[in-house]
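The values are calculated or read from the model by the stated rules, or taken from the named source; none is laboratory data. All values reported here derive from a predicted model rather than from experimental measurement. For accessibility, only protein heavy atoms count, side chains too; no ligands or nucleic acids. Shrake-Rupley method; radii C 1.70, N 1.55, O 1.52, S 1.80 Å.
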Amino acid sequence: MSDEFRKIPRSYSTELERATQEVHNVKHATESVFETDSGGRHSKRFLAMGLVLVLGGIIVASLLFLKRSSKTTESQTTKKAAHALVVDQPLAQGIAGKWRGETPKVVAERFLAATTNEERLHWVKNPDSVAEIMLQFYQDGPGKSLKSTKLTQLPQNIALEETYAQFAVSMDDGSARLLCVPYAENGGGGVDFKCYSLYGSASWNDLLSGSATKAEEVRVILEPSTYYNGEFSDEKKWQSLIATSPDIEDVLYFYIPREDPSTVNLMIDPSKSAARFTVGIESIGKSYEKRQFLITHLVRRGWMSE
């Protein structure tokens, strides 16, 4: 018998103890009755009724205990089932009937388990176009030292029938990376490596040192800011944004001209929360020294490649 059923709650223990005490009391009452009136009909009737009440109390207490134990087990099972749904979601309804080959979760697991670029290329989207990017990422970039420790599937918006599955990959340095497996027209899917590697057309080291003055695309998380300084000190002219990335330690400051309200409205979340964007940036003068950059164009919302 498991510990769950061995440890009886105190409330039920008390009921069982009370019932046991009643049995003990009835025993003494029975002995007393037989000693004083061994042949009395009323004494025998009293004894029978007492035994029925005691047995009934024991049965009721036992049923209550079993019912409570059943509810506890059911609750635990429900919680486990809910957890399973969170970490292993099905494909969106519009894709499930078209998908061929390994499921997105298996694709993600195989990609992370691969130990060579040749193996990884088998599990990515557009392998020919990302082969050089992958080589640089694992040879000289973050992939050289980072190791994945956990894969967690993120919820999908089934109502929108998303054409990709997304996962959070926990790394051994405490950071996390986004891994997306988009649906391909041929019925399968592969990891979007530009998204996973946070590919930028210029490295952060070059941008922050001034070696590179611009980048056609960088992947960052943006949220509204109130920091204005240096080349971007005019609050009436610029809208400030805080930019962060798993690949850089400190925050950056990006700016959009307020004269372009459509871009400002697109990139400023009404809820004031952070969102992922792929943008082009440029340093104005020596603004890179203050970690400040102008957003020259919006590539797309999110980090996935085309």
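Can you give the accessible area of Ile221 in Å² (nearest 10), computed on protein heavy atoms with a 1.4 Å probe?
Looks like 50 Å² after rounding.
Hey, if we sort Ser305, Ser129 by accessible area with the 1.4 Å probe, largest down, what's the order?
Highest to lowest solvent-accessible surface, that is Ser129, Ser305.
With every protein chain present, what accessible area does Trp123 have (1.4 Å probe, heavy atoms only), rounded to the nearest 10 Å²?
Solvent-accessible area, nearest 10 Å²: 50 Å².
With every protein chain in place, what's the accessible area of Ser209 (1.4 Å probe, Å², nearest 10)?
Here the accessible area works out near 70 Å².
Express the relative contact order of segment 197-306 as a whole percentage, based on alpha carbon pairs under 8 Å and six or more residues apart in sequence.
29 percent
Of Lys237/Lys290; Lys105/Lys150; Lys194/Lys237, which ones are farther than 21 Å apart at the Cα?
Lys194/Lys237
Taking amide hydrogens as modeled 1.01 Å from N in the peptide plane, which residues meet the under 5 Å criterion relative to Ser225, leaving out close sequence neighbours?
Ser240, Leu241, Ile242
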